[in-house]
């Protein structure tokens, strides 16, 4: 099954680093992938200087979505909101190091969309 | 030798490999593979007789018309309908159901009327009624599904009332494989003064349909699930109900005469077939029906019943696997939904695909049913005449390997 998704996805799926929830998040968003009904929730804690202090996610979703969420959380934690918003689909695809079929691209981008929506609601957005 | 092994050679696509592995196609409920007889019928038509139907006064046009209308007669016989006027060709089940919503139902139902559906409907037999209900202020009600995956018939008396004008339900559930007691429900609904529409998309490939005996008012099905090409389906409507209806869509073919200020409608069934119809696809449907009838329903049903029993037994042996739907094989057809604890159905389907095994995964366009089952989705294996016991064994072995590889992982709820 190593050929299935590649080592990075399987590792993040089985040993997630950022799976969970925050006690008092400053920003929260949850959304579904309309194609499959998968759901991801992202919670963010912001530091006073508009830095992302912590990110946690959870959801009912496939391995690709969960691995993508885990990598995304790692990429943006400790960064400014502005920097976090620069992470895009290609950044994630490179980090996932697997061939993602077109039918599964939405699995990669769901956590990204959810994070962006969460950050859009924060005063630190600009 | 079982039927699956005997007929596999009739389906050219089953010779191909996927990632170097033998193709194990267990997604016939989504669409069935096509026997060579259907592919030959399409090729013959396009190479010898291709022309538009009904208005071409030349040899090819005559041939095409004759072949297209002969396909209608084949469908009539296959479904046990009394009259050829009752067989309307559509794009598929979805269009057939929408056609009833746009013609009979829009005209017959008024504010406050009720449509009785079930919790196990495919979105195709739910959303058209939702749209009409919103437009005409109708009320949608639902027959519940039991934990075993059967319709809760004890609720029918309470739900079937004076305002119920239509009962619309699946003959066979596309997720659970449950065969619903449609004959009983037709009788009860009609006794209460309601019309009945049956979504036969998942039934027609698995069991003989006798519409004259069943007495349903409408019956819808898709050709491609029977081994015909995509783009062809059937709406059966009782002649007395269709006769006074106006067409849903304007165009050629549906009219008798057109003036600048008025139009008269064509006879049944052409009144509901605007524009150039799917001619080759209808001919392909006729060939698919011939193929199934040559195999015979007795042979098909006993083959699929054996596969279903084997699948239920083998899957039950897989650790952490949950089966959905009735455990009694007599209550279902060869459609089996399941989940492996902690593994997302899409990951399961992707893992099986690496072994050349094709199953479907997700909500199967029946989200209310998934919610009723308390799951986001399921994986589903569905069988056809060409499915073999080895296919089932391959599935069970593939599931074991997927269980080992993807196993249980941490979760937060």
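The values are calculated or read from the model by the stated rules, or taken from the named source; none is laboratory data. Because the structure is predicted, anything quoted here is derived from the model rather than measured. Neighbour counts run over all protein chains shown; Cβ positions are idealised from the backbone, glycine included.
Condition (residue is touching a residue at least 12 places away in the same chain (Cβ under 8 Å), over 21 Å from residue B:382 (Cα atoms) and in a helix (DSSP H, G or I)) applied to the range B:19-29: is it met by at least one residue? No, the range B:19-29 has no match at all.
Selection of the range A:19-50 for residues being in contact with a helix residue (DSSP H, G or I) (Cβ under 7 Å, 6 or more places away or on another chain), more than 11 Å from every other protein chain (Cβ to nearest Cβ) and part of a loop (DSSP other than H, G, I, E, B) yields only A:50. Please go through the range A:56-81 and pick out each residue that is more than 9 Å from the chain's Cα centre (by Cα) and either within 14 Å of chain B (Cβ to nearest Cβ) or under 17 Å from residue A:10 (Cα atoms) (or both). Residues satisfying the conditions are A:58, A:59, A:60, A:61, A:62, A:63, A:64. Only one of the numbered conditions (1) in contact with a strand residue (DSSP E or B) (Cβ under 9 Å, 6 or more places away or on another chain); (2) without any contact (Cβ under 8 Å) to a residue 60 or more places away in the chain; (3) within 12 Å of another protein chain (Cβ to nearest Cβ); (4) in a helix (DSSP H, G or I) is not met by residue B:401, and that is (1).
Name the pairs: first residue in the range A:90-106 and more than 14 Å from chain B (Cβ to nearest Cβ), second residue loosely packed, with under 12 Cβ neighbours inside 10 Å, Cβ to Cβ under 9 Å, at least 6 apart or on different chains? Once the first residue is more than 14 Å from chain B (Cβ to nearest Cβ) and sits in the range A:90-106, its partners that are loosely packed, with under 12 Cβ neighbours inside 10 Å give A:97/A:7. Please list, ordered by first then second residue, the pairs with beta carbon atoms under 6 Å, 6 or more apart or interchain, first in the range B:287-315 and under 22 Å from residue B:359 (Cα atoms), second in a helix (DSSP H, G or I) and at pLDDT 95 or above. These pairs meet every condition: B:303/B:3; B:310/B:389; B:310/B:392; B:311/B:392; B:314/B:392; B:314/B:396.
Just one of the listed residues (B:157, B:147) is out of contact with any strand residue (DSSP E or B) (no Cβ under 8 Å at 6 or more places or on another chain) and not in a helix (DSSP H, G or I), and it is B:147.
Does the range A:97-111 contain at least one residue that is under 14 Å from the mean Cα position of the chain (by Cα) and farther than 21 Å from residue A:8 by Cβ? Within the range A:97-111, not a single residue is under 14 Å from the mean Cα position of the chain (by Cα) and farther than 21 Å from residue A:8 by Cβ. Elements of the type strands (runs of 3 or more DSSP E) sitting completely within the range B:186-270 and holding at least 1 residues that are under 23 Å from residue B:176 (Cβ atoms) and touching a helix residue (DSSP H, G or I) at 6+ places or on another chain (Cβ under 7 Å): these cover B:195-199, B:218-222, B:233-237. Selection within the range B:123-144: residues that are in a helix (DSSP H, G or I) and touching a residue at least 40 places away in the same chain (Cβ under 8 Å). The member of this set that is farthest from residue B:200 (Cα to Cα) is B:123.
Of the residues making up the range B:337-353, those that are in a helix (DSSP H, G or I) and within 9 Å of another protein chain (Cβ to nearest Cβ) number 6.
Taken over the range B:369-390, the residue count meeting the criterion of being away from chain A (no Cβ under 11 Å), surrounded by fewer than 17 Cβ atoms within 10 Å (Cβ to Cβ) and assigned to a helix (DSSP H, G or I) is 2.
Selection of the range B:209-248 for residues being surrounded by fewer than 16 Cβ atoms within 10 Å (Cβ to Cβ), over 15 Å from residue B:84 (Cα atoms) and in contact (Cβ under 8 Å) with a residue 60 or more places away in the chain yields B:213, B:246.
When residue B:351 is tested against the conditions (1) under 18 Å from residue B:23 (Cβ atoms); (2) in contact with a strand residue (DSSP E or B) (Cβ under 7 Å, 6 or more places away or on another chain), the lone failure is (2).
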